[in-house]
Amino acid sequence: MPSFPSRHRLLSVALVSVLLATGCAQLPNTGPSAGDVQNTQAQPGTSAVQIVDVDDAVARQLLAKRRYLLFSESLGTDRGPANDIGSGDVLEVNIWEAPPATLFGSSAVDPRSPSSVRSTSLPEQMVDRDGFITVPFAGRIHAAGQSAQAVEAEIARKLKGKANQPEALVRTVRNASSTVTVVGEVASSVRMPLTAGGERLLDALAAAGGVRQPVSKMTLQVTRGNTYQSLPLDVVIRDPKQNVPLRAGDVVTAIFQPLSFVALGATGKNDEINFEAQGINLAQALARVGGLQDSRSDPKGVFVFRFEPENALAWPKQPVTTTPEGQVPVVYRIDLRNPNSFFVMQNFPINNKDVVYVSNAPAAELQKFLNLIFSVAYPVLSTIQITK
């Protein structure tokens, strides 16, 4: 029968054997290794996952698809047509006539200037739903869709023969038809009247009291007719060409977009990281989480998990399988052992809701395994030494 120390030796050998048999697979981990991710394509039920090695061509193709359509390209930089009179506008009409006729007034002629012209201000009136105003002795005048000069000429034409050398002056007192609506994350939603000066995008934002959130996290959307276009507010501020002239009926919406990505694995910080509306690249994303942990990260195992549209790239695995929403699950892989990767990362864009994952190095897994063996075996061996 084995002695007491012998039994302890046998027990310690048995424990170590069990640990060796189970291997590193039973050790706690933060996620898959680089090999596990690579083997995803070979596992049943994962045919939809595309694994793409990131090089300069892939990064530039993704960056080109992400390029914003600028306001100067989609909305134009010209002021557009003049803002004509519209239904709902309030007009002031002044009429002049030369003496001795007094069609619009009965005041005595100034003896010091018997030839002075007479002017009469008619009560302010709103352009009706059908687009007309009414002028005494001239009748109904069509004003909607006309310039002030055209309405003046029409009034003078209809008064000809009734007033002596009539002239008219039409002025918009309250502009209700040529306006821009500003809504969203602004201090106060407003309807800003447009003037002949040609108000621009930032003028509308200023009229609404500015945005309520940090500028770097704001997106401006301009709706014109049945189309709309969006651009980060930072871009509009930095590029004067994007501060485009507005047109009647435009709707400016200030949108707060707290974009973020999630960092997991052997990075300096596992967290959800917010980033600016104009976007960041992979190099910036890794820097914001403290880079890779030198003691445990695998430079070959830097991955970005993302859903992409089916037409984003020429996918390596065919046929392409998509989710019910028409998206392709993609794992982008980048090898930081290659010095060129540090240039490629600067062109690789991070999207909202991306998951950036860095796997553990094989040596780190071995170190954890050895630590586990010694943590179990050392107390047993110490007990054996004491009982000798």
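The values are calculated or read from the model by the stated rules, or taken from the named source; none is laboratory data. On a predicted model such as this, the values are computed, not experimentally measured, just so you know. When we count neighbours, we look across all protein chains shown, and the Cβ atoms used for this are built from the backbone with ideal geometry, even at glycine.
Give me the residue from segment 168-209 that is on the phi > 0 side of the Ramachandran plot and surrounded by fewer than 17 Cβ atoms within 10 Å (Cβ to Cβ) and, out of that set, farthest from the chain's Cα centre (by Cα).
We begin by selecting, within segment 168-209, every residue on the phi > 0 side of the Ramachandran plot; these are 184, 198, 209.
So of that shortlist, the ones also surrounded by fewer than 17 Cβ atoms within 10 Å (Cβ to Cβ) come out as 198, 209.
On the way: Gly198: 26, Gly209: 21 Å.
Only one residue tops the list, namely Gly198.
Please go through segment 115-140 and give me each residue that is touching a Lys or Arg at 6+ places or on another chain (Cβ under 7 Å), closer than 17 Å to Pro166 by Cβ and surrounded by 15 or more Cβ atoms within 10 Å (Cβ to Cβ), ordered by number. Reasoning before the result, please.
Of all residues in segment 115-140, those touching a Lys or Arg at 6+ places or on another chain (Cβ under 7 Å) come to 132, 134, 137-139.
Now narrow it down to the ones that are closer than 17 Å to Pro166 by Cβ: 134, 137-139.
Scanning segment 115-140 gives a single hit, Ala138.
Go through segment 258-280 and give me each residue that's under 29 Å from Asp203 (Cβ atoms) and either out of contact with any Ser or Thr (no Cβ under 9 Å at 6 or more places or on another chain) or exposed (fewer than 15 other Cβ atoms within 10 Å of the Cβ) (or both).
Pro258, Leu259, Gly279
From the list Val211, Val244, Val251, Val222, which one is farther than 30 Å from Ala144 by Cβ and not assigned by TED's automatic domain parsing to the domain that holds Gln278?
On the way: Val244 fails: farther than 30 Å from Ala144 by Cβ; Val251 fails: farther than 30 Å from Ala144 by Cβ; Val222 fails: farther than 30 Å from Ala144 by Cβ.
None of the others qualify; the one that does is Val211.
So if I check each of Leu233, Leu194, Leu169, which one is in contact with a helix residue (DSSP H, G or I) (Cβ under 8 Å, 6 or more places away or on another chain) and closer than 17 Å to Leu75 by Cβ? Can you show your working first?
On the way: Leu194 fails: in contact with a helix residue (DSSP H, G or I) (Cβ under 8 Å, 6 or more places away or on another chain); Leu169 fails: closer than 17 Å to Leu75 by Cβ.
Among Leu233, Leu194, Leu169, only Leu233 is in contact with a helix residue (DSSP H, G or I) (Cβ under 8 Å, 6 or more places away or on another chain) and closer than 17 Å to Leu75 by Cβ.
Restricting the search to segment 176-193, which residues are in a loop (DSSP other than H, G, I, E, B) and modelled with pLDDT of 90 or more?
To start, the set of residues in segment 176-193 that are in a loop (DSSP other than H, G, I, E, B) comprises 176-178, 185, 187-189.
Within segment 176-193, Glu185, Ala187, Ser188, Ser189 meet the criteria.
In segment 243-253, is there at least one residue being over 30 Å from Ala82 (Cβ atoms) and touching a residue at least 12 places away in the same chain (Cβ under 8 Å)?
Let us first name the residues in segment 243-253 that are over 30 Å from Ala82 (Cβ atoms), namely none.
Within segment 243-253, not a single residue is over 30 Å from Ala82 (Cβ atoms) and touching a residue at least 12 places away in the same chain (Cβ under 8 Å).
Give the residues of segment 330-360 that are in a loop (DSSP other than H, G, I, E, B), of a type outside the set (Phe, Trp, Tyr) and either in contact (Cβ under 8 Å) with a residue 24 or more places away in the chain or not assigned by TED's automatic domain parsing to the domain that holds Gly265 (or both), sorted by residue number.
So in segment 330-360, the residues in a loop (DSSP other than H, G, I, E, B) come out as 335-340, 345-348, 350-354.
With the extra rule that they be of a type outside the set (Phe, Trp, Tyr), the set shrinks to 335-340, 345-347, 350-354.
Within segment 330-360, Asp335, Leu336, Arg337, Asn340, Met345, Gln346, Asn347, Ile350, Asn351, Asn352, Lys353, Asp354 meet the criteria.
Applying the selection to segment 313-350, what residues are acidic (Asp, Glu) and loosely packed, with under 15 Cβ neighbours inside 10 Å? Step through it out loud before you land on a result.
Step one: list which residues in segment 313-350 are acidic (Asp, Glu), which gives 325, 335.
Selection gives Glu325 alone.
State all residues of segment 307-342 that are β-branched (Val, Ile, Thr) and at pLDDT below 90; if no residue qualifies, say none. First the steps, then the outcome.
Here is the first cut: in segment 307-342, the residues β-branched (Val, Ile, Thr) are 320-323, 328, 330-331, 334.
Once the filter is applied, which keeps residues that are β-branched (Val, Ile, Thr) and at pLDDT below 90, segment 307-342 yields Val320, Thr321, Thr322, Thr323.
With respect to the numbered conditions (1) closer than 18 Å to Glu73 by Cβ; (2) among the small types (Gly, Ala, Ser); (3) within 19 Å of the chain's Cα centre (by Cα), which one is the sole condition not fulfilled by Gly225?
(3)
Residues that are out of contact with any Asp or Glu (no Cβ under 7 Å at 6 or more places or on another chain), small (Gly, Ala, Ser) and not in a loop (DSSP other than H, G, I, E, B): does segment 229-251 have at least one?
There is at least one residue in segment 229-251 that is out of contact with any Asp or Glu (no Cβ under 7 Å at 6 or more places or on another chain), small (Gly, Ala, Ser) and not in a loop (DSSP other than H, G, I, E, B).
Please go through segment 145-175 and pick out each residue that is among the β-branched types (Val, Ile, Thr) and in a helix (DSSP H, G or I).
Scanning segment 145-175 gives Val151, Ile155.
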